[in-house]
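Encoded as structure tokens, the structure appears first; notes follow it.
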Amino acid sequence: MKETTLFFLLLLFSSAVPAQQSTDSIQRLDEVVLSDVKLKRYSRGYKITTLNDSILRKNATSLTDVLRFNSNIYFRENGYGMVSSASFRGTNASQTAVIWNGININSQLTGQVDFNTVSSSNYNNITIRSGGGSVQYGSGAIGGTVHLSNDLDFKNHFTNTLRLGYGSFNTKNGSYNNSFGNGKWSGNFGVAFVDSDNDYRFLGTDQRNENGAFNNLDVSFNLGYVLSEKDVLKLYHQNFRSDREFSGTLLASSKTKYENEDYRSMLEWTRISETYTSSLKVVHLLEQFRYFENKNLDYTSEGSANTFLIKHRYERQLSDAIGISVITDYSQIKATGNNFVDPERNAFSATAILNHRATKTLEYNLNVRKDVVSDFESPFVFSADASYQVLKPYTLRFNASKNFRVPTFNDLYWQPVGNLDLVPEESFQFDLGHVLTFKNFNFKLNTFYIETSNLIQWLPNTLLGYWSPVNVANAEHYGFEAELGITQNFGKHIFSVASAYSYTETEDLEQQRQLFYVPIHKANASLSYNYKAFTMFYQHLYNGEVAIIGGDLESFDVGNFGISYTLDATKKVSYIADFRINNIYNTYYENIALRPMPNRNFNINLTLKF
């Protein structure tokens with residue numbers, strides 16, 4: 001009770017203190033352009049990794065591949081293009097939050113995001129924030145968060161990008177993106193699709209990946225309008241549709257199929273005053289699915305979840321050095337389906353953030369949050385992070401937090417095995433980071449520790465004869481991550497190296513064993529060479545062995561190679577030809593036991609920019 005009272009006193013204080021300093025020009029520009037201001041402004045003590053356009057283009061058809069080859073995140077993929085779940089610092093898929101333009105979009109049904117249902121083509125900014133983030137981003141932000149952003153550029157411009165591609169296994173992909181701005185209006189539109197038979201051969205056998213075809217379509221539209229010198233109105237909309245067969249294993253064939261659609265819409269009104277900044281977001285999220293046990297028959301199960309959310313952020317700069325932000329939101333979630341009886345959830349949360357730039361070299365944030373949820377008690381959470389510039393090239397970063405994950409609708413209400421006695425998972429974590437930055441060199445080293453209690457796991461229930469969810473496990477995770485980036489120019493010859501390595505130890509404290517499907521060692525590297533219009537790159541992934549039921553799954557190395565050439569037809573029109581070889585060494589490997597991944601394969605893309 002005391003902690004809640006102190007929390008709401010802080011909220012009251014932040015609203016009552018008059019401002020002494022107007023928002024500076026950089027902050028004003030952020031409010032207009034960015035969809036997720038919190039990520040830039042209140043993450044000083046966190047490791048932030050931003051993936052630029054050239055990285056996204058190398059793995060244009062799969063967000064899973066983008067992150068697998070360019071981050072420390074480990075992915076479990078049930079065969080290529082199938083369900084893909086993230087493991088961030090040894091946490092599970094439900095403990096990684098995906099943030100769409102500042103809004104948590106983890107499924108209300110499963111608690112996670114399938115990364116093969118997210119297209120990387122329609123986002124101009126994908127950022128990875130390592131470490132706990134439940135205070136700012138809500139349930140599931142335990143291991144880290146992945147941010148998908150559509151930033152708006154109001155400068156005068158009109159650009160178009162058209163990309164078409166074809167590859168092995170009759171894989172067809174294409175995308176079109178448009179961006180415009182004239183000072184008053186700004187917008188961007190994108191459509192992307194990928195269609196594949198996905199019938200690759202299992203190396204060393206006479207089998208193929210049968211029943212693995214998939215077809216994905218993603219449409220995105222975002223618009224901004226400057227109402228006045230102080231007011232900006234922004235609209236975001238995204239729709240993703242997927243029709244996938246679910247492939248079998250080496251031991252069992254499959255005829256299953258899965259269809260899903262996601263709709264996301266958000267209207268944001270931002271007011272930038274001399275004394276405060278206010279942002280109001282109204283959001284609608286819809287997720288729906290149909291599962292076919294036999295694709296030739298009618299669906300076996302279906303479900304949907306509707307989320308209506310209203311969110312307000314209020315900021316005041318109390319002085320040159322101190323700022324306070326208050327965030328409140330209310331959401332109503334309703335689900336329907338033939339496996340649960342129309343559950344409903346109402347939730348309110350309030351967050352207070354204090355930012356203090358103590359000196360030119362030291363800045364820190366203090367955050368507190370309290371949720372009130374209709375169907376269970378949610379914990380009080382908090383976080384603190386700091387950044388200290390020890391020397392000009394050397395910065396020390398630190399963050400610590402308490403985080404949580406709420407039980408999903410499937411956990412609570414799935415008939416007949418849902419468990420209404422579940423409580424939220426709780427987690428404590430800290431992270432110490434070192435950053436070295438020079439002109440052509442940057443290096444990041446982070447050590448971390450995470451302790452989680454009340455883990456929700458689905459286990460066999462002998463009374464019901466089914467698997468059912470229970471709070472049973474406590475777990476700890478610790479280790480370190482390193483990232484290295486080097487760029488060197490020799491005249492018109494440009495060489496670049498980017499690499500990442502993670503060492504992760506995990507333990508189920510109840511069973512005293514390593515958690516399943518968490519590699520102790522994971523590393524990736526990307527080498528790139530550019531000369532005028534010609535670019536060549538090589539990507540490599542090492543995935544250490546992982547513990548599975550009954551043993552271990554072997555480690556593997558996979559390499560990709562690609563070249564591209566840019567032809568500037570006119571000052572305003574250019575063509576880019578990309579050729580890529582995936583799994584260049586034709587390595588046999590399994591990401592999930594008994595589910596082989598693709599052999600050597602090819603892809604060619606032609607891009608027109610005008």
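The values are calculated or read from the model by the stated rules, or taken from the named source; none is laboratory data. As the structure is a computational prediction, the values presented were derived from the model and not from experiment. No Cβ is skipped: glycine too gets one built from the backbone with ideal geometry, and neighbour counts run over all protein chains shown. Remember, those area values only see protein heavy atoms, side chains included, never the ligands or the DNA or RNA. Shrake-Rupley method; radii C 1.70, N 1.55, O 1.52, S 1.80 Å.
The amide H of S273, built 1.01 Å from its N in the peptide plane, has S278 as neighbours under 5 Å, considering only residues 5 or more places off or on other chains.
A simple charge model with +1 on the Cβ of Lys and Arg, -1 on the Cβ of Asp and Glu and nothing else charged puts the dipole of the chain at about 2260 debye relative to its Cα centre.
Projected label points at F158 and L464, each 7 Å from Cα along the beta carbon direction, are separated by 5.9 nanometres. Computed from phi, the 3J(HN,Hα) profile of the stretch 83-99 under the Karplus parametrisation 6.51, -1.76, 1.60 (θ = phi - 60°) reads 4, 10, 10, 9, 10, 9, 6, x, 7, 8, 4, 6, 9, 10, 9, 10, 10 Hz, with x in place of Gly and Pro. Would you calculate a helix-derived [θ] at 222 nm for the chain, using -39,500 (n - 2.57) for each DSSP H run of n ≥ 4 and dividing by the full residue count, to the nearest 500? Helix contribution divided over all residues of the chain: -2000 deg cm²/dmol. Annotation for the stretch 366-402: trypsin sites (Lys or Arg not before Pro) lying in DSSP loop with at most 12 further Cβ atoms inside 10 Å of their Cβ do not exist. Given Cα pairs under 8 Å that are at least 6 residues apart, what percent is the relative contact order of the stretch 371-416? Relative CO of the stretch 371-416 lands at 30 percent.
If R0 is taken as 35 Å, the Cβ-Cβ distance between L203 and V341 corresponds to a FRET efficiency of 0.15. The trypsin sites (Lys or Arg not before Pro) of the stretch 506-536 meeting both criteria, a DSSP state outside H, G, I, E and B (loop) and at most 12 other C-beta atoms within 10 angstrom of the site's C-beta, are K532. For the stretch 48-55, putting each phi into the Karplus relation 6.51 cos²θ - 1.76 cosθ + 1.60 with θ = phi - 60° gives couplings of 10, 10, 10, 9, 7, 4, 5, 5 Hz, in residue order, rounded to whole numbers and with x for Gly and Pro. Computed about its Cα centre, the charge dipole of the stretch 290-436 is approximately 800 debye, with only Lys, Arg, Asp and Glu carrying charge at their Cβ.
A simple spin-label model places the labels of T570 and D320 5.2 nm from each other, with each point 7 Å out along Cα-to-Cβ. Distances between placed amide hydrogens fall under 5 Å for V83 paired with N78, all partners being 5 or more residues away or on another chain. Ordering D53, D371 by accessible surface, largest first, gives D53, D371; the 1.4 Å probe counts only protein heavy atoms, with every chain in place. Dipole orientation for the stretch 281-439: of the candidates T328, N419, F404, T328 has the Cα lying most toward the positive pole (charges on Cβ; Lys, Arg +1; Asp, Glu -1). Counting Lys and Arg as +1 and Asp and Glu as -1 over every other residue whose Cβ lies under 13 Å from the Cβ of R405, the net charge comes to -3.
Positive-end ranking of T205, F193, V232 along the dipole of the stretch 143-232, with charges on Cβ about the Cα centre, is headed by V232. Taking Cβ atoms as reference points and 15 Å as the exclusive limit, the residues near A347 contribute a net charge of +1, counting Lys and Arg as +1 and Asp and Glu as -1. The string of couplings for the stretch 210-216 from the Karplus curve (6.51, -1.76, 1.60, θ = phi - 60°) is 6, 6, x, 5, 8, 9, 10 Hz, one whole number per residue in order, with x for Gly and Pro.
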